[in-house]
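Below is one structure, written out as structure tokens; the observations come after it.
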Amino acid sequence: MNKKVEKKEQTTISIPQLDKIDLSILRILQENARATVKEIAEQVHLSTTPVHERIKRMEISGVIKQYATLVDHTKVKKGLMVICYVSLKEHSKNAGMKFIKSINALNEVIECYNISGEFDFMLKVVEENMDSYYDFHVNRLSQIENMGNVQSVFVMGVIKQTHQLVW
């Protein structure tokens, strides 16, 4: 059921083969992570035991990374969303790891991506307002060792926001 893939470093990782039922289970869980095994089983026309085993297999293999509650940031005093493009001064592995460790310690940063192009990283930051973002930018983000350039883009409105994958 698992396919082995070799990486360049001669390590292997397991990639689970997902069938139509697995994908249906994933679709249901993406729509409602609180769906019970019984509810899922009814929708995919299986008994609860094989559905539970499939979910466990997908959790263990890392297909299902976690279950989360999505919060409307505007309703919890985090109404300002900012996309920050960051470039580093030095591009060594050690410098990059230090930057990543620093970013992981900042609760205001809710997403961080290593990107290609003019900048090295893209951050998604939420704050209460412009004053709190200014404080974060000047006193925390800009103080990270090896910080080069930071460009802030302020989100005016969210058009589409989803974490659901479709197949």
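The values are calculated or read from the model by the stated rules, or taken from the named source; none is laboratory data. Here the structure is a predicted model, which is why all the values come from computation and not from measurement. Glycine also receives a Cβ, built like all others from the backbone with ideal geometry; neighbour counts cover every protein chain displayed.
Odds and ends about this structure:
- Entry remark, segment 17-61: residues being polar (S, T, N, Q) and outside any helix (DSSP H, G or I) number 4 in total.
- Residue ranges of strands (runs of 3 or more DSSP E) in segment 63-153 with at least 1 members touching a Gly at 6+ places or on another chain (Cβ under 7 Å), modelled with pLDDT of 95 or more and outside the structural domain of residue 33 (by TED's automatic domain parsing): 80-88
Per-residue answers, yes or no, for (1) surrounded by fewer than 10 Cβ atoms within 10 Å (Cβ to Cβ); (2) under 25 Å from residue 92 (Cα atoms):
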{"residue": "117", "(1), (2)": "yes, yes"}
{"residue": "121", "(1), (2)": "no, yes"}
{"residue": "130", "(1), (2)": "no, no"}
{"residue": "147", "(1), (2)": "no, yes"}
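Here's the yes/no breakdown for (1) touching a residue at least 24 places away in the same chain (Cβ under 8 Å); (2) of a type in the set (Asp, Glu); (3) in contact with an Asp or Glu (Cβ under 8 Å, 6 or more places away or on another chain):
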position	(1), (2), (3)
72	no, yes, no
79	yes, no, yes
83	yes, no, no
88	yes, no, yes
98	yes, no, yes
117	no, no, no
120	yes, yes, no
123	yes, no, yes
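- In this entry, residue 47 is excluded by the filter for residues that are over 30 Å from residue 135 (Cα atoms) and touching a residue at least 40 places away in the same chain (Cβ under 8 Å).
- Of all the listed residues (61, 152), the sole one being within 28 Å of residue 27 (Cα to Cα), touching a residue at least 40 places away in the same chain (Cβ under 8 Å) and surrounded by 11 or more Cβ atoms within 10 Å (Cβ to Cβ) is 61.
- Per the listing 49, 36, the residue uniquely loosely packed, with under 11 Cβ neighbours inside 10 Å and at pLDDT 95 or above is 49.
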